[in-house]
Amino acid sequence: MRFSGSEEYVSTEDLTLAVNAAITLERPLLIKGEPGTGKTMLAVQVAKALGLPLLEWHIKSTTKAQQGLYEYDAVSRLRDSQLGDPRVQDIHNYIVKGMLWQAFSRDTPCVLLIDEVDKADIEFPNDLLRELDRMEFYVYETRELVKARQRPIVFITSNNEKELPDAFLRRCFFHYIRFPEKETMEKIVDVHYPKLKKNLLREALEVFFEIREVPGLKKKPSTSELLDWLKLLLSEDIPPEALRSKDRKTIIPPLHGALLKNEQDVHLFERLVFMTRAKNN
Amino acid sequence: MLIDFFFKLKTHKLPVSIKEFLTLLEALQKGVIGSSVDDFYYLSRTTLVKDEANFDKFDRAFAEFWEGVEAIPGIEAEIPLEWLLKQAELTLTDEEKKLIESLGGWEKLMETLKKRLEEQKERHQGGNKWIGTGGTSPFGAYGFNPEGIRIGQKTSRNRSAVKVWDQREYQNLDDSVELGTRNIKVALRRLRKFARQGAPEEFDLENTINSTAKKAYLDIHMRPERRNTVKVLLLLDIGGSMDDHVKLCQEMFSAAKTEFKHLEHFYFHNCLYDFVWKDNRRRHSERTRTWDLLHKYGHDYKVIFVGDATMSPYEILQPGGSIEYFNEEAGAVWVKRMTDVYQKCVWLNPEPEEIWGYRQSVQVMKELMGGRMFPTTIGGLEKAMKVLAK
Ligand SMILES: Nc1ncnc2c1ncn2[C@@H]1O[C@H](COP(=O)(O)OP(=O)(O)OP(=O)(O)O)[C@@H](O)[C@H]1O
Ligand SMILES: [Mg+2]
């Protein structure tokens, strides 16, 4: 099994290699990078390209490692026992399988995405060491050992909100998706809007990268914002000329609200443009 | 050879483990990559480096290592994988041994290479380029080896002009070069640890219900509160000599904010006097009297001063010493009041500890704090947190 990019996802040489290392050695791949650089999308696309089912486990600040394995719904069981439900006899009826268990119990390989691990408590990754390493765990209620029949291909994404423990890192391959430079970005846009006119794309990218350079932005626009913006430009039929000016710094590009989503950033940007304009006059 | 690579990374202070190194060997054996050097570079990076802040360090280490490999005769445009692996097992064929022998022996070859590389490094100090790039090196891929044999020339010409690792694309991610940002991370980790210590328990509803259902009798569960109740009062020196540090400190604590239930911060300038303020832009209009601070925040608050304590001693010790206005009472009096009310009280000083001794004001302040002044280094923060948590 080998991943070699996909029609819908632009993968750089080093990313492809990291994915293949993870597939071959059956170890998790940890992906970091700025927001919107395609971390989540990667797992989706790898699954699609390899024709494998995808299981997604989205982590929140309250997620516990145990929830990925299973949960024992003792409360339902108590209720059932009071209602005299015969199901109560079998404890298996009250064990709810988590994403990891679901992935482990498949006969064929699958892709497992653990999205945004850094959202959880700092102990979370430590609680999954053995599960990800040996791909097995013990169910105390039923006294059974769950062992992966096929080790799933595991992708873990992080936005760097918390440091991950060393022991956890040692067990993973690691890839940092850099913010795409112009050339890669063109390819990414092309994947989403193959019919986009070349000169509109060029102008739009100029504007986009210039806005990213504005100092002091709280949130720089990312790939997703660029794609949203292009969609708007297309639907409003904005011509490339509208994005061009001799001194671009003195115009506010159309529909810039799609690029800058934070009110403070919009103000900052508009102020900068007005200041430049005032200086030039 | 691969072992050399491993040690090269170690000497560059990259935190690589044996486990990860074995993973790399396994990946080579399982044929994850072909024989291109770029692939080898990517593979070793994804296997051995787990923090993008270390990518630049890795690039430099890899460059040095590769210089060494490249200088070995017989190495062509592609990295001979088998050869590398064989090196890992520390065996060489007779043919290879002979080749190296003819060059005065492996040891000598590497020795001379190393010496040359080191010499050159010294000469290059100050610049941001390291050994042997851009054709400036008299030794290595583009030049002559000490034996006077032209080596590796074909190699260099065959490959793309710029090597991936030579581009140093991750330079701006290496946060250890910036003063202190590395420390922020560490500080945060320490603070987090601190925040979790002694966290009181709260009623765990979910677990209680579950367990009660399981056991069929009331089984009450408690758990440590997620966010703890440690109360922190943060007093930050702002302006003047602190300009360099202030952003850093703010970032550090604003990031820590989510970890504490009660974190209050105020600013002062150089030394604490009769008022502080919350918003530096409105420092003249919106002030809080230090007396109010002392009354409002209970003595169970833990107080952290952050400042370089660098000023004229007069500013601490004399009434009217403040450079901003006429203070009726000396700064020392105010600092004393704080340390009297708040048992748990420390001063973090972002200036390096070695220079404290040369600044009288730092000495004075440290004394006022009862010696509880700590540098914003890993060790310093550790100690400070210990004092606060005691
Ligand atoms: N390399 C790429 N090829 C194709 N599309 C991409 C690529 N990178 C990003 N995109 C597009 O950008 C959008 C954002 O991607 P995604 O949600 O995967 O980012 P992310 O890194 O997970 O972001 P976040 O950190 O916010 O979760 C998606 O719509 C995706 O289609
Ligand atoms: Mg995502």
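None of the figures in this text is laboratory data; all of them are computed from the coordinates on show. Every value quoted in this text rests on a predicted model; they were computed, and no experiment measured them. When we count neighbours, we look across all protein chains shown, and the Cβ atoms used for this are built from the backbone with ideal geometry, even at glycine.
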Exercise for the section: Would you mind computing, in nm to one decimal, how far apart the modelled labels at B:ASP279 and B:ILE18 are, each placed 7 Å from Cα along Cα→Cβ? Expected result: 5.9 nm
Fill in the blank from the handout: In the neighbourhood of A:GLU8 defined by beta carbon distances under 12 Å, the net charge of the other residues (Lys, Arg +1; Asp, Glu -1) is 0
Problem - Computed label-point distance, nm, for sites B:GLN29 and B:VAL387 using a 7 Å Cα→Cβ extension - result: 5.3 nm
Exercise for the section: Work out the P(r) tail for chain A: percent of alpha carbon pairs separated by more than 37 Å, whole number. Expected result: 31 percent
Practice task
Hey, can you grab everything whose amide H is under 5 Å from the amide H of B:VAL230? Only 5+ residues off in sequence or another chain; H modelled, so Pro and N-termini drop out.
Solution key: B:LYS261
Fill in the blank from the handout: Exposure proxy check on B:LYS383, B:LYS296: fewest-to-most Cβ neighbours within 10 Å is B:LYS296, B:LYS383
Problem - Viscosity 1.002 mPa s, 20 °C: Kirkwood-radius Stokes-Einstein D of region A:134-220 over Cα pairs, µm²/s - result: 119 µm²/s
Problem - Principal axis dimensions, region A:160-281 - Cα atoms, whole angstrom, descending - result: 59, 35, 21
Fill in the blank from the handout: Amide H neighbours of B:LYS344 at under 5 Å, excluding residues fewer than 5 places away on the same chain, with H built from the backbone geometry, are B:VAL303
Problem - Under 13 Å, Cβ to Cβ, from A:HIS267 - net charge with Lys/Arg +1 and Asp/Glu -1 - result: 0
Fill in the blank from the handout: Once both label points are put 7 Å beyond Cα along the C-beta direction, the A:GLU263-A:LEU83 separation in nm becomes 4.8 nm
Problem - Evaluated over region A:40-194, the Cα radius of gyration and Dmax, each in Å - result: 18.9, 66
Completion exercise
Residue span B:GLU353 to B:TYR325: 0.36 nm per residue of separation minus Cα-Cα distance leaves a gain in nm of 7.1 nm
Practice task
Count neighbours as other Cβ atoms within 10 Å of each site's Cβ, and list the GluC sites (Glu not before Pro) in region A:188-238 that are DSSP loop with at most 11 such neighbours.
Solution key: A:GLU236
Exercise for the section: Could you state the orientation-averaged shadow area of the convex hull built on the Cα atoms of region A:1-41, in nm² to one decimal? Expected result: 3.1 nm²
Problem - Footprinting exposure proxy for A:HIS92, B:HIS269 (fewest neighbouring C-beta atoms within 10 Å first) - result: A:HIS92, B:HIS269
Exercise for the section: Any chance you could get the radius of gyration and Dmax over the Cα atoms of region A:49-116, in Å? Expected result: 15.5, 50
Completion exercise
Long-range share for region A:1-112, i.e. C-alpha pairs more than 18 Å apart as a percent of all pairs, stands at 61 percent
Fill in the blank from the handout: Taking placed amide H atoms and a strict 5 Å upper bound, the residues 5 or more places from B:HIS265 or on another chain that come that close are B:LEU234
Fill in the blank from the handout: Among region B:317-347, those whose backbone N falls under 14 Å of a label point 7 Å along Cα→Cβ from B:GLN360 are B:317-318
Fill in the blank from the handout: Karplus-derived 3J(HN,Hα) from phi for region A:17-30 (6.51 cos²θ - 1.76 cosθ + 1.60, θ = phi - 60°), whole Hz, x at Gly and Pro, runs 5, 4, 4, 5, 4, 5, 5, 5, 8, 6, 10, x, 10, 8
Handout entry: Of all DSSP beta bridges in chain A, antiparallel share, percent nearest 5
Key = 30 percent
Completion exercise
Total charge of the residues flanking A:LEU255 in space, meaning their Cβ is under 14 Å from its Cβ, with Lys and Arg +1 and Asp and Glu -1, is -4
Exercise for the section: Set the Förster distance to 25 Å, then compute FRET efficiency between A:GLU161 and A:THR12 from the Cβ-Cβ distance, nearest 0.05. Expected result: 0.55
Exercise for the section: Could you give log10 I(q)/I(0) at q = 0.10, 0.14, 0.19 Å⁻¹ for region A:67-150, computed by the Debye formula over C-alpha point scatterers of equal weight, without solvent? Expected result: -0.32, -0.59, -0.91
Practice task
Any of B:LYS8/B:LYS50; B:LYS13/B:LYS57; A:LYS60/A:LYS162; A:LYS218/B:LYS57; A:LYS220/B:LYS57; B:LYS13/B:LYS50 with alpha carbons more than 19 Å apart? Name them for me.
Solution key: A:LYS218/B:LYS57; A:LYS220/B:LYS57
Exercise for the section: Please arrange A:SER235, A:SER105, A:SER6 by counting, for each residue, the other beta carbons lying within 10 Å of its beta carbon, fewest first. Expected result: A:SER235, A:SER105, A:SER6
Problem - Estimated FRET transfer efficiency when R0 is 41 angstrom, pair A:PHE179-B:ILE3 (beta carbons, to 0.05) - result: 0.70
